[in-house]
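The values are calculated or read from the model by the stated rules, or taken from the named source; none is laboratory data. Given the structure is predicted, the values throughout are model-derived calculations rather than measurements. Don't worry about glycine lacking a Cβ; one is built from the backbone with ideal geometry, like all the others, and counts go over all protein chains shown. These accessible areas exclude ligands, DNA and RNA; they are computed on the full protein's heavy atoms, side chains included. Shrake-Rupley method; radii C 1.70, N 1.55, O 1.52, S 1.80 Å.
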Amino acid sequence: RWRRRRALWRKVAEAQERQERSLVRMEAVARRFREQHPSVNVVSILSLPLPELSKKLRDGSLPPDHVFYAYVGKALQIATETNCITEFLQESESQLRKAKLMEKQGLLYGVPVSIKDSIDCQGHDSTLGFIKNINKPAAEDSVVVQVLKRQGAIPFVKTNVPQSLISYDCKNLIFGQTCNPLLYTRTPGGSSGGEGALVGGGGSILGIGTDVGGSLRFPAAFCGICAIKPTGNRLSKRGIMAGVVGQKAVAAAVGPLAKDVESLALCLRALLSEDMFSLDSTVPPLPFNEEVYSSTKPLRIGYYETDFFTMPSPAMRRAVRETKQLLEEAGHTLVPFELTNVDYVIFNYCVRGMFADGGRSFVTKFKGEMEKGSTGLLFWLAKAPHWLKTLLSWIAKPFVPRFSSIVRSMKENTVDEVWSLHHEIEDFCHQFIAQWKKLNLDVMLCPMLGPAFGIGYPAKLSVAVSYTMLYNALDFPAGVVPVTLVTDEDEEELKGYKGYYQDWWDRTLAKAFRGSVGMPVAVQCVALPWQEELCLRFMKEVETL
């Protein structure tokens with residue numbers, strides 16, 4: 001056993017050395033460029049928004065290498081501050097030279113892009129924070145990365161994730177903890193936490209991440225940037241590693257993070273191209289719908305301030321209220337939407353759906369690993385024998401009903417139970433759409449968990465994913481836009497925070513929200529399946545107001 005642990009530590013040391021070499025390499029190339037081109041105004045390059053930057057790159061008024069090395073230098077600085085980068089993709093330099101020779105310039109010509117650890121890049125590990133995945137380089141690029149390259153983009157770094165991806169913090173035993181660029185004692189969110197930190201800190205202009213319970217939306221909201229989780233199959237997931245493989249109850253999705261909505265739209269325009277549809281024929285060939293995105297007709301918007309499961313922080317409530325008011329003043333119609341049974345959805349569809357095998361495949365992933373901490377309670381429940389789960393659930397029911405429900409939903413299911421669960425989720429989705437259509441809505445305005453928690457809190461607060469995970473179970477496109485900052489009044493109001501269940505989780509949540517004056521708070525914008533363009537149009541409206 002001791003020998004095995006030593007071998008594991010050797011692998012960890014190897015990966016850490018590679019990370020260290022990556023940063024040294026980044027420093028060397030950035031310094032060399034500065035020495036050769038001392039007159040380049042790096043600050044002005046870094047301050048350009050993506051649509052403007054890509055226009056200048058395409059019309060030749062900005063050389064791609066100036067942009068590339070400006071971002072390498074900035075990314076290095078943010079990585080030193082937040083520990084968000086796991087590897088520098090050295091081939092990006094030769095790709096930069098190749099991009100210059102392309103006859104057809106893609107929409108993202110010369111744009112440096114950061115990639116989440118779990119997305120395959122040829123010749124590089126996709127570790128998911130697991131030691132067993134070190135030194136297992138991907139044989140080829142994932143479809144998304146291939147399409148980015150064909151569109152002229154230059155993937156240049158891979159970024160950190162929490163172990164197993166089933167967490168909204170960002171820490172693993174190999175690369176350690178990633179911090180929030182706005183406040184180092186806070187988590188950047190997860191599981192696309194490295195992306196959130198790098199894009200939020202300005203070290204990358206466009207990032208690609210994944211989302212199975214809020215993994216794009218948490219980092220965006222916690223780091224004060226924008227992100228969109230599309231419908232599960234709008235973008236190809238070929239070559240992307242999942243936290244729980246093969247489960248169909250909760251839809252995972254891949255999507256972009258950026259500083260503003262226009263950048264997200266540009267990224268989707270580039271990805272939803274013939275390249276994507278020919279590389280992965282299981283993706284519906286729906287190109288980006290410009291007409292819907294650029295439309296100016298007033299919208300009918302549903303909204304709610306709470307899901308009656310996770311009590312919103314005062315800042316979250318205020319974010320929704322203020323946004324609602326601004327939208328009404330701009331001529332849109334806002335209609336209250338009644339959310340019911342979110343507790344049932346979270347326990348019975350989300351937790352039970354992801355761990356329908358009693359958590360067996362999840363536990364197998366950790367076999368031979370040393371650290372199991374970041375997933376907290378879920379790992380230990382998944383490991384517990386069936387009789388213990390039944391007993392725990394029964395004992396806890398009168399005192400801690402939520403704990404009892406989680407334990408109950410982690411039990412192993414038979415195949416027919418899984419099928420009937422899938423059928424039930426389908427039914428729920430149709431009922432939700434019927435309620436939506438009855439109110440004649442275009443889009444929905446919802447709260448987004450925030451402000452960013454202190455490091456370590458997400459592991460204790462797995463129940464707080466209710467606002468985001470609902471839309472993975474429904475498989476609706478959902479984006480986040482930062483709209484306000486926490487004020488002293490919010491902080492004062494927080495003293496009366498009780499929660500709906502007044503259990504240990506609610507008390508911990510109150511602590512997690514505390515001491516966040518000046519931190520960003522976002523709202524969530526949601527549309528019906530396959531309506532990413534409408535979702536983005538609504539996000540743009542919110543951002544502008």
Restrict the check to segment 223-233 and report whether at least one residue is in contact (Cβ under 8 Å) with a residue 24 or more places away in the chain, over 21 Å from A522 (Cβ atoms) and not assigned by the TED database to the domain that holds P520.
-> yes
Top-ranked residue in segment 103-148 [being in a loop (DSSP other than H, G, I, E, B) and aliphatic (A, V, I, L, M); ranked as nearest to L279 (Cα to Cα)] | A139
Is it the case that segment 93-111 has a residue that's out of contact with any strand residue (DSSP E or B) (no Cβ under 6 Å at 6 or more places or on another chain), acidic (D, E) and modelled with pLDDT of 95 or more?
-> yes
Within segment 46-63, track down each residue that is of a type in the set (A, V, I, L, M) and either more than 19 Å from K100 (Cα to Cα) or out of contact with any Lys or Arg (no Cβ under 9 Å at 6 or more places or on another chain) (or both).
-> L46, L48, L53, L57
Please verify whether segment 81-102 includes one or more residues that are of a type in the set (S, T, Y), in contact (Cβ under 8 Å) with a residue 12 or more places away in the chain and assigned to a loop (DSSP other than H, G, I, E, B).
-> no
Filter result (closer than 25 Å to K171 by Cα and either in contact (Cβ under 8 Å) with a residue 60 or more places away in the chain or not in a helix (DSSP H, G or I) (or both)) within segment 60-80 = Y71, V72, K74, A75, L76, Q77, I78, A79
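Every residue, every condition in (1) open to solvent by 10 Å² or more (accessible area, probe 1.4 Å); (2) of a type in the set (D, E, K, R); (3) over 20 Å from the mean Cα position of the chain (by Cα), yes or no:
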| residue | (1), (2), (3) |
| --- | --- |
| H124 | yes, no, yes |
| K132 | yes, yes, yes |
| V145 | no, no, no |
| L148 | no, no, no |
| F156 | no, no, no |
| N160 | no, no, no |
Per-region count, segment 251-279, residues over 20 Å from K116 (Cα atoms) and open to solvent by less than 30 Å² (accessible area, probe 1.4 Å) | 2
Count, please, the residues in segment 373-385 that happen to be at pLDDT 65 or above and open to solvent by 40 Å² or more (accessible area, probe 1.4 Å).
-> 4
Output for segment 312-327, where each listed residue is open to solvent by 40 Å² or more (accessible area, probe 1.4 Å) and of a type outside the set (S, T, N, Q) | R317, R318, R321, E322, K324, L326
Go through segment 462-524 and tell me which helices (runs of 4 or more DSSP H), entirely inside it, have 1 or more residues that are free of Cβ contacts under 8 Å to residues at least 12 places away in the same chain, at negative phi and not assigned by the TED database to the domain that holds V261.
-> 488-493, 504-513
Does segment 276-322 hold any residues that are among the hydrophobic types (A, V, I, L, M, F, W, C), in a loop (DSSP other than H, G, I, E, B) and within 30 Å of K498 (Cα to Cα), and which are they?
-> F308, F309, M311
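The rows are residues; the columns are (1) over 19 Å from H37 (Cα atoms); (2) open to solvent by 10 Å² or more (accessible area, probe 1.4 Å); (3) of a type in the set (A, V, I, L, M, F, W, C).
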{"position": "K55", "(1), (2), (3)": "yes, yes, no"}
{"position": "G60", "(1), (2), (3)": "no, yes, no"}
{"position": "P63", "(1), (2), (3)": "no, yes, no"}
{"position": "K74", "(1), (2), (3)": "no, yes, no"}
{"position": "T80", "(1), (2), (3)": "yes, yes, no"}
{"position": "C84", "(1), (2), (3)": "yes, no, yes"}
Output for segment 280-289, where each listed residue is open to solvent by less than 30 Å² (accessible area, probe 1.4 Å) and of a type outside the set (D, E) | V283, F288
Residue list for segment 240-250, filter: surrounded by fewer than 23 Cβ atoms within 10 Å (Cβ to Cβ) and either basic (K, R) or in a loop (DSSP other than H, G, I, E, B) (or both) | M241, A242, V244, V245, G246, Q247, K248, A249, V250
